[in-house]
Amino acid sequence: MERVLRLGSQKAAVIFSTSSCCMCHAIKRLFCELGVNPAIYELDEDSKGREMEKALISLLGRGPSVPAVFIGGKLIGSTDNVMSLHLSGHLIPKLKEAGAIWL
């Protein structure tokens, strides 16, 4: 869990993903379209991916573990949380506050 929290706080925006996950792709695409350059960790391509997946399930309180998004070092959650923030107009201010975008 320590590694996930450390990685999650190293950049303004961090996405834990798997390369074959369609929801992960949607979140990565959203961030890209908003002008965010997040750190992306593909768990299926990382030698410690299984460990990180277990830690994310524990942090999220449920599975699946990806996508898991951190903004400003804080766990935002998965697709549902990110999309709720975006649709309510709160995602961009969070990203600005964290220094992930400068609109």
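The values are calculated or read from the model by the stated rules, or taken from the named source; none is laboratory data. Since the structure is predicted, the reported quantities are computational estimates derived from the model, not experimental observations. Glycine gets a Cβ as well: all are built from the backbone with ideal geometry, and neighbour counts include every protein chain shown. Accessible surface areas use protein heavy atoms only, side chains included; no ligands, DNA or RNA. Shrake-Rupley method; radii C 1.70, N 1.55, O 1.52, S 1.80 Å.
Within segment 57-70, is there a residue that is surrounded by fewer than 16 Cβ atoms within 10 Å (Cβ to Cβ) and assigned to a helix (DSSP H, G or I)? Step through it out loud before you land on a result.
Taking segment 57-70 and keeping what is surrounded by fewer than 16 Cβ atoms within 10 Å (Cβ to Cβ), we get 57-58, 61-63.
If we keep only those that are assigned to a helix (DSSP H, G or I) too, we end up with 57-58.
Within segment 57-70 (the criterion being surrounded by fewer than 16 Cβ atoms within 10 Å (Cβ to Cβ) and assigned to a helix (DSSP H, G or I)), the answer is yes, since at least one residue qualifies.
Restricting to segment 1-22, count the residues that are assigned to a helix (DSSP H, G or I), touching a strand residue (DSSP E or B) at 6+ places or on another chain (Cβ under 9 Å) and either surrounded by fewer than 20 Cβ atoms within 10 Å (Cβ to Cβ) or among the hydrophobic types (A, V, I, L, M, F, W, C) (or both).
First, pick out the residues of segment 1-22 that are assigned to a helix (DSSP H, G or I): 2-8, 22.
In the following step, the residues that additionally are touching a strand residue (DSSP E or B) at 6+ places or on another chain (Cβ under 9 Å) were identified as 4-5, 7-8.
Checking the rest, the ones that are also either surrounded by fewer than 20 Cβ atoms within 10 Å (Cβ to Cβ) or among the hydrophobic types (A, V, I, L, M, F, W, C) (or both) come to 4-5, 7.
Number of matching residues: 3.
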Discussion item. Which of the numbered conditions does PRO64 fail, given that it passes all the others? Conditions: (1) modelled with pLDDT under 95; (2) under 13 Å from ALA98 (Cβ atoms).
Written reply: (2)
Worksheet item: Is it true that some residue in segment 51-67 is more than 17 Å from MET1 (Cα to Cα) and either more than 12 Å from the chain's Cα centre (by Cα) or not acidic (Asp, Glu) (or both)?
Response: no
Worksheet item: Inside segment 84-101, can you point out the residues that are out of contact with any His (no Cβ under 9 Å at 6 or more places or on another chain) and either of a type in the set (S, T, N, Q) or in contact (Cβ under 8 Å) with a residue 40 or more places away in the chain (or both)?
Response: HIS86, SER88, LEU91, LEU95, ALA98, GLY99, ALA100, ILE101
Fill in: Criterion violated by ARG50 - all others in (1) at pLDDT 95 or above; (2) surrounded by fewer than 17 Cβ atoms within 10 Å (Cβ to Cβ); (3) in contact with a helix residue (DSSP H, G or I) (Cβ under 9 Å, 6 or more places away or on another chain) satisfied
(1)
Item to complete: Would you tally the residues in segment 71-84 being outside any loop (DSSP other than H, G, I, E, B) and surrounded by 17 or more Cβ atoms within 10 Å (Cβ to Cβ)?
Response: 6
Worksheet item: Being surrounded by 14 or more Cβ atoms within 10 Å (Cβ to Cβ) and more than 13 Å from the chain's Cα centre (by Cα), is that true of even one residue in segment 26-44?
Response: yes
Practice prompt. Can you work out which of the residues in segment 85-103 that are more than 14 Å from the chain's Cα centre (by Cα) and of a type in the set (Gly, Ala, Ser) is most open to solvent (accessible area, probe 1.4 Å)?
Written response: SER88
